[in-house]
Number of protein chains: 2
Amino acid sequence: MLMADSIGTYLIKRLYEHGVHHIFGVPGDYVLGFDKLLENSPIQFINTCDEQGAGFAADAYARLRGLGAVCITYCVGGFKVINTTAQAYAEKSPVVIISGAPGINERIQHPLLHHKVKDFNTQYKIFQELTIASTVLDDPNKAFEEIDRVLATALRYKRPVYIEIPRDMLNQPGNRDYQWIPQTDVSDPTSLAAALEETVKLINAAHQPVILADVEIHRFGLQQALLQLTETTNIPVADTILGKSVINELHTNYLGLYAGALGSEFARQYVESSDCVIMLGVFLMDLNLGMFTAHLDPNCAIYVMSEKTSIQCHEYQGIRLQDFVQGLLQTDIRFRELSFSNSSKPATSFSPIPDQLITIKRLFEQLNIFINKDMIVIADIGDSLFGGLDLFVHGKTRFLSPAYYASLGFAVPGAIGVQFANPHIRPLVLVGDGAFQMTGVELSTIARYGLNPIVIVLNNGGYATERPLLDGKFNNIRLWQYSRISEVVGAGRRFDVHTESELEAALLESRSHPESFCILDVHIGSDDMSPALQRMTNELAKKIH
Amino acid sequence: MLMADSIGTYLIKRLYEHGVHHIFGVPGDYVLGFDKLLENSPIQFINTCDEQGAGFAADAYARLRGLGAVCITYCVGGFKVINTTAQAYAEKSPVVIISGAPGINERIQHPLLHHKVKDFNTQYKIFQELTIASTVLDDPNKAFEEIDRVLATALRYKRPVYIEIPRDMLNQPGNRDYQWIPQTDVSDPTSLAAALEETVKLINAAHQPVILADVEIHRFGLQQALLQLTETTNIPVADTILGKSVINELHTNYLGLYAGALGSEFARQYVESSDCVIMLGVFLMDLNLGMFTAHLDPNCAIYVMSEKTSIQCHEYQGIRLQDFVQGLLQTDIRFRELSFSNSSKPATSFSPIPDQLITIKRLFEQLNIFINKDMIVIADIGDSLFGGLDLFVHGKTRFLSPAYYASLGFAVPGAIGVQFANPHIRPLVLVGDGAFQMTGVELSTIARYGLNPIVIVLNNGGYATERPLLDGKFNNIRLWQYSRISEVVGAGRRFDVHTESELEAALLESRSHPESFCILDVHIGSDDMSPALQRMTNELAKKIH
């Protein structure tokens, strides 16, 4: 006879079935029981140094696997993943926050238990502001149902959810008669058919249609459908910052990155002169659109995302993004000759100048030669991201960055989540010195679990992207010997890099040593900036003068 | 003619007048304008590596100075100080959280600005759950008044408050006709007189009265009054974990630490056999009372704290803690002979055994000889705290620890706040390896500003206080070469310590080198525990068996 599930084992079982095979976290007394259940389960618990690292790792894991989870203790743990949960909410990453909590009986007997803030529900109330669904599993009879409700909501809306387990509920048996019935969520067929029909007409009548594909293509796993759509119609594809790498960026049909002055000028002109822009899963956000240097009117476009479908000025109700994209593949959009030739393909070689000091521009040119189809680029915020925009990424969903929420410190712990989500790819982590000082010690976690990212620290002595906005001593940071972190954590290969030839040597050695992480402390001038940031600064300056 | 104040300059002026001469934070675009104002003000802006470090530093600063402040950007900064704000709330530390935010006009024009989560008020709503007062300075006409209202509330209730500045409001002039009128907050004189009269009668009739003094004595600056009270009456004083060091612990009238099995057995027997316990500013919390191993009925005591006054079973309304304590000094409590002799005074010497490996017990015996009146002990959570309970602290408010909220990672950044609050004392930081991995990189900030704490890392390979509760791989942490962090940040003296004689040498060298921080990586056995933790484990085991 099978053991009946307890609340804890049911949660673990359901997470595993949804593809969560790793959970990131830090233990603490209110959650130890759940940590122990995990230890005896097929899900691996991954210890990070700080809860912040666990939160970022779970977010990255969710972006690749479709669902991620972080497991922490009450308040002192939960409140350290508020920021990472906010990021997951803002950028639609389905992360399950699992928090231990004081037992229901303890709460009644002892009003002042450690870790408590205002009242026992303070943490729950706060997470309600940052999640799409949340629950406290305080009723064994409803717990299984609640778990399924909350997980289904995360999967449907691609947003974080919160599950709190009072510790005396963990091993309680749930309702044995309960059985999960998956909700079959579908589009309204009439509405979908009408929208598709109108879309096809507009496309076929257009002179220069173009697909602008963004972050929701990643989240809803529609990269393959997108590829098929462009290949069967020859309508070219541009992506945005958050959407970068929805398609192999070496593909003939790839126009370039559309992000105002931050992106490709070629893509920008093509998109903005198009008479039929098909916007799929696009977030209309300031940073994603080059801080308002992009000019695109969604009211004149075919604009379909998970929460809204509009064609020109009218809206359709009840259409799911995935049904719309899949539906387009069944229509008779005409095949056309490719109407462009994009000259901005990457160089095929790079010749380092031996004693030449490194500039950000040349650094990324060099990296463009270095990256390959077995790598994923993870860019932190700052010129790591802006410089990274000019990289041509080879695979689908091989570029990650929190480019809208823009929290510093994602990239190093993000690499942990990425490598557990897909052990076959090696991360190239691009991180500024400011961001590295926040979460770089998670290289310890990377060493603990034998992961092997190549970490490029852009060392320019400060918050360089803030300097053009308003400079002061507050933008300076202390100079670290970044690569010596490998001596602290007792692992990794380290490189101190000043010149182009040193960079080439370090990159080659990193490639040939996949047995551990590699860290490259790349020294760049404090007033240097990437071509993308330079383009945007120039354009914003034109507006002011 | 004096320049009229803007919202920003008024806030800075008022903070400075309240003793805030340093503000801790990390810059970010929505707060750069305020950072720049600070740079041109008498308040010094202190950059930390991560906002978490700034939050803890501000909390420590507030504990010593009566008010502290942290300054961060919108969401990506604010959400990283949620945990430290929760700690400040739970342990009554008056920290002002100053957050930049999108301008009011921007919010109207552009609904999707970077860093935003659900709506523009999400951060404000969350901080309302964790602060005693909060405001968004969106109305120039009311801004000065709002600033004063919020700061006054922090000072009155010793809890954190939240001030959000939309960036287009920063340089707006405020109401020039506004003038701050300090609220004169007083006790109800009749109620106060009656409570004092009853108290004096009970004390004078008692055989063995005792004062139990806790955290609010620190927060309301009543250490001197407490000293006078015990010296003019000879009623002995015990303190609790959160209250530790309300009085010089070498004072003749000091009984010891009252914290159930965690504290002094002598103090416990004395307090629990007293016929008149005078509880001043006591938090009745699990950890503070030795996880329920203390047995004290506040209904049989004189129990006065800022939020409540009760004598035996009845309550008095409208009495302020500070008026009650000062009032007691004016009464005719009789002077009595000291009724005890406390044998548990610290040893006056310690002889290290040359090749003897260090145990936690002996480590703290050695530290008891080492600490002096020019030092402050800052204990992180874990055996750093439990071991630290047996230290005899020399000065008033010379022991800091988040002993109720119990968040790991306070001690290293706390030392930053402490040294800016009082540059004449040198912190002895006690921190476990787990906590150090969370916030230890703030030694970079310590180096940047030339501070000089002595940092003792208790290196035992894991979350050792969790092991007796429930052990598993999740309680292990990666072994670091902790002291080599000094090579990463390019400062500090470092020691790798295994034996008692190595420890003595390292301590002596640290003392004679006050020009930088010192870090001692102290190796201890993974199953070793402090005498205090051993006492509590034994007692809890007795309850189970």
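Is it the case, given these coordinates, that B:Lys92 is of a type in the set (Lys, Arg) and at positive phi? So B:Lys92 passes the test.
Residues in the range B:475-525 that are farther than 21 Å from A:Gln481 by Cβ, within 13 Å of chain A (Cβ to nearest Cβ) and either in contact (Cβ under 8 Å) with a residue 40 or more places away in the chain or part of a strand (DSSP E or B) (or both): B:Asn476, B:Ile477.
Taking the numbered list (1) of a type in the set (Phe, Trp, Tyr); (2) part of a helix (DSSP H, G or I); (3) under 25 Å from the mean Cα position of the chain (by Cα) in turn, B:Tyr162 passes all entries but (2). Quick one: is A:Tyr30 among the hydroxyl-bearing types (Ser, Thr, Tyr), under 20 Å from the mean Cα position of the chain (by Cα), under 30 Å from B:Val441 (Cα atoms) and in a helix (DSSP H, G or I)? No, not satisfied. Under 30 Å from A:Asn253 (Cβ atoms), touching a residue at least 60 places away in the same chain (Cβ under 8 Å) and assigned to a helix (DSSP H, G or I): is that true of A:Ser187 in this structure? For A:Ser187, the condition - under 30 Å from A:Asn253 (Cβ atoms), touching a residue at least 60 places away in the same chain (Cβ under 8 Å) and assigned to a helix (DSSP H, G or I) - is not met. Scanning the range B:261-285 for residues that are among the charged types (D, E, K, R) and more than 21 Å from B:Ser245 (Cβ to Cβ), we see that the one that is surrounded by the most Cβ atoms within 10 Å (Cβ to Cβ) is B:Glu272. Evaluation of A:Leu400 against the conditions (1) closer than 29 Å to B:Gly434 by Cβ; (2) at pLDDT below 95 shows that the sole unmet condition is (2).
Residue count for the range A:134-167, restricted to those that are farther than 25 Å from A:Tyr61 by Cβ and within 14 Å of chain B (Cβ to nearest Cβ): 1.
All told, A:Gly525 meets the bar of being assigned by TED's automatic domain parsing to the domain that holds A:Gly382 and over 30 Å from B:Leu520 (Cα atoms).
Just to check your reading of the model, which residue among B:Thr131, B:Thr122, B:Thr84, B:Thr73 is at the interface with chain A (Cβ under 8 Å from one of its Cβ atoms) and among the hydroxyl-bearing types (Ser, Thr, Tyr)? Give the steps one after another, and end with the answer.
On the way: B:Thr131 fails: at the interface with chain A (Cβ under 8 Å from one of its Cβ atoms); B:Thr84 fails: at the interface with chain A (Cβ under 8 Å from one of its Cβ atoms); B:Thr73 fails: at the interface with chain A (Cβ under 8 Å from one of its Cβ atoms).
None of the other options fit; the residue is B:Thr122.
For the range A:493-509, a tally of residues being small (Gly, Ala, Ser) and surrounded by 22 or more Cβ atoms within 10 Å (Cβ to Cβ) returns 1. Meeting the requirement of 3 or more residues that are crowded, with 24+ Cβ neighbours inside 10 Å, touching a Pro at 6+ places or on another chain (Cβ under 9 Å) and modelled with pLDDT under 95, no strands (runs of 3 or more DSSP E) wholly within the range A:39-126 can be named.
The test for being hydrophobic (A, V, I, L, M, F, W, C), more than 30 Å from B:Arg167 (Cβ to Cβ) and crowded, with 17+ Cβ neighbours inside 10 Å holds for A:Ile456. For the range A:65-80, a residue qualifies if it is out of contact with any strand residue (DSSP E or B) (no Cβ under 6 Å at 6 or more places or on another chain) and either hydrophobic (A, V, I, L, M, F, W, C) or free of Cβ contacts under 8 Å to residues at least 24 places away in the same chain (or both), and the qualifying residues are A:Leu67, A:Cys75, A:Val76, A:Phe79.
Every residue, every condition in (1) more than 19 Å from B:Ile371 (Cα to Cα); (2) at pLDDT 95 or above; (3) touching a helix residue (DSSP H, G or I) at 6+ places or on another chain (Cβ under 6 Å), yes or no:
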residue: B:Tyr404; (1), (2), (3): yes, no, yes
residue: B:Gly409; (1), (2), (3): yes, yes, yes
residue: B:Gly417; (1), (2), (3): yes, yes, yes
residue: B:Ala421; (1), (2), (3): yes, yes, yes
residue: B:His424; (1), (2), (3): no, yes, no
residue: B:Gly434; (1), (2), (3): yes, yes, no
residue: B:Gly440; (1), (2), (3): yes, yes, yes
residue: B:Ser444; (1), (2), (3): yes, yes, yes
residue: B:Arg448; (1), (2), (3): yes, yes, no
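The set of residues in the range A:92-114 that are over 25 Å from A:Leu64 (Cα atoms), more than 13 Å from chain B (Cβ to nearest Cβ) and in contact (Cβ under 8 Å) with a residue 12 or more places away in the chain comprises A:Ala101, A:Ile104, A:Asn105. Scanning the range B:1-60 for residues that are within 20 Å of B:Val81 (Cα to Cα) and polar (S, T, N, Q) yields B:Gln44, B:Asn47, B:Thr48, B:Gln52. The single residue among B:Asn141, B:Asn171, B:Asn175 that is part of a helix (DSSP H, G or I) and among the polar types (S, T, N, Q) turns out to be B:Asn141. Cβ-Cβ contacts under 6 Å between residues 6 or more apart (or on different chains), taken from a first residue in the range A:115-141 that is under 24 Å from A:Ala90 (Cα atoms) to a second residue that is of a type in the set (Gly, Ala, Ser), are listed as A:Gln123/A:Gly78; A:Phe127/A:Ser134; A:Gln128/A:Ser134; A:Leu130/A:Ala86.
Checking the range B:144-156 against the condition returns a match, with at least one residue being more than 28 Å from A:Met285 (Cβ to Cβ) and modelled with pLDDT under 95.
Any idea which of B:Tyr258, B:Tyr254 is farther than 20 Å from B:Ala403 by Cα and either modelled with pLDDT under 95 or surrounded by fewer than 24 Cβ atoms within 10 Å (Cβ to Cβ) (or both)? Step through it out loud before you land on a result.
Values: B:Tyr258 fails: farther than 20 Å from B:Ala403 by Cα.
From the options B:Tyr258, B:Tyr254, the qualifying one is B:Tyr254.
No other residue among B:Thr184, B:Thr135 is polar (S, T, N, Q) and out of contact with any Asp or Glu (no Cβ under 8 Å at 6 or more places or on another chain) apart from B:Thr184.
Could you list, in sequence order, all residues of the range A:127-138 that are hydroxyl-bearing (Ser, Thr, Tyr) and in a strand (DSSP E or B)? Give the derivation first.
Step one: filter the range A:127-138 for residues hydroxyl-bearing (Ser, Thr, Tyr), giving A:131, A:134-135.
Once the filter is applied, which keeps residues that are hydroxyl-bearing (Ser, Thr, Tyr) and in a strand (DSSP E or B), the range A:127-138 yields A:Ser134, A:Thr135.
For B:Val20, are the conditions met, namely being assigned to a strand (DSSP E or B) and under 21 Å from B:Val136 (Cβ atoms)? Before you say what the answer is, go through the steps one by one.
Working: assigned to a strand (DSSP E or B): no; under 21 Å from B:Val136 (Cβ atoms): yes.
No.
Can you name the number of the only condition in (1) surrounded by fewer than 24 Cβ atoms within 10 Å (Cβ to Cβ); (2) in contact (Cβ under 8 Å) with a residue 60 or more places away in the chain that B:His424 fails? Of (1) surrounded by fewer than 24 Cβ atoms within 10 Å (Cβ to Cβ); (2) in contact (Cβ under 8 Å) with a residue 60 or more places away in the chain, only one is false for B:His424: (2). The one condition from (1) within 19 Å of A:Asn204 (Cα to Cα); (2) more than 21 Å from the chain's Cα centre (by Cα); (3) at pLDDT 95 or above that A:Val237 does not meet is (2).
B:Thr309 satisfies every condition listed in (1) in contact with a Leu (Cβ under 7 Å, 6 or more places away or on another chain); (2) surrounded by 23 or more Cβ atoms within 10 Å (Cβ to Cβ); (3) more than 18 Å from B:Phe392 (Cα to Cα) except (1).
Out of the residues in the range B:21-33 that are more than 10 Å from chain A (Cβ to nearest Cβ) and crowded, with 24+ Cβ neighbours inside 10 Å, state the one that is farthest from B:Ala60 (Cα to Cα). First the steps, then the outcome.
Kept after step one, since they are more than 10 Å from chain A (Cβ to nearest Cβ), are these residues of the range B:21-33: B:21-24, B:30.
Those left that are additionally crowded, with 24+ Cβ neighbours inside 10 Å: B:23-24, B:30.
On the way: B:Ile23: 12, B:Phe24: 11, B:Tyr30: 26 Å.
Taking the candidates together, the pick is B:Tyr30.
Applying the selection to the range A:89-138, what residues are closer than 24 Å to A:Thr9 by Cα and small (Gly, Ala, Ser)? A:Ser99, A:Gly100, A:Ala101, A:Gly103, A:Ala133, A:Ser134 - these are the residues of the range A:89-138 that are closer than 24 Å to A:Thr9 by Cα and small (Gly, Ala, Ser). Taken as a whole, the structure leaves A:Leu222 outside the set of residues that are over 30 Å from A:Phe340 (Cα atoms), out of contact with any Lys or Arg (no Cβ under 9 Å at 6 or more places or on another chain) and not small (Gly, Ala, Ser).
The values are calculated or read from the model by the stated rules, or taken from the named source; none is laboratory data. Just so it is clear, the model here is predicted, and its values are computed rather than measured. A quick note on method: Cβ atoms are made from the backbone with ideal geometry, for glycine too, and the neighbour counts reach across all protein chains shown.
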